[in-house]
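Please read the structure below before turning to the comments.
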Amino acid sequence: MGQKRAYKQYSKEFKEEAVVLVLEQGYSVPEAAKSLGIASNMLYRWKQHIEDQQQGKVLAEDGREELKRLRKENKNLRMEKENNKHPRGKPSRYARLRFAKRGINLNLLASHCGYS
């Protein structure tokens with residue numbers, strides 16, 4: 001009852017070779033799946049994924065990594081922009097309250113930074 005089901009994992013190369021049987025060698029999906037010993041619905045999914053990649057509908061592995069990096073960079077830039085949003089170093093009302101709670105004199109801070 002408490003046993004976990006072990007799923008077989010296939011390499012990227014195996015998946016690509018299986019799809020090549022269907023797309024380039026003229027096998028039907030059920031025929032190719034049977035000869036490889038896999039479920040036909042799995043081969044249909046692999047085929048669809050590869051076709052989507054070829055049409056540009058799905059990002060490739062390196063594209064996903066680049067997108068993740070850019071989203072992180074965008075988040076950091078938005079945070080920096082939010083912190084530097086106010087002209088001439090005037091902090092927002094919320095920021096003034098945060099400084100006040102910490103006991104920081106904003107007038108002294110502004111004069112030290114070169115603002116009058």
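None of the figures in this text is laboratory data; all of them are computed from the coordinates on show. What you are looking at is a predicted structure, and each value in this text was computed from that prediction instead of being measured. Here the Cβ positions follow ideal geometry from the backbone for every residue, glycine too, while neighbour counts run over all protein chains shown.
Computed quantities for the displayed model
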| read-out | value |
| --- | --- |
| Local net charge near Gly63, Cβ-Cβ under 13 Å (Lys/Arg +1, Asp/Glu -1) | 0 |
| Model label zone, Gln25; criterion: amide N under 14 Å from point 7 Å along Cα-to-beta-carbon; scope the range 35-66 | 35-38 |
| In sequence order, calculated HN-Hα J values of the range 78-83 (Karplus, 6.51, -1.76, 1.60; Hz; x Gly/Pro) | 5, 5, 5, 4, 4, 6 |
| Amide H contacts under 5 Å for Val58, placed H, 5+ residues apart | Gln53 |
| Phi to ³J(HN,Hα) by Karplus 6.51 cos²θ - 1.76 cosθ + 1.60 over the range 30-46, Hz, x for Gly, Pro | x, 5, 5, 4, 5, 5, 8, x, 10, 6, 5, 5, 5, 5, 4, 5, 4 |
| Extension gain, Leu67 back to Glu17 (0.36 nm per residue minus Cα-Cα distance, nm) | 15.2 nm |
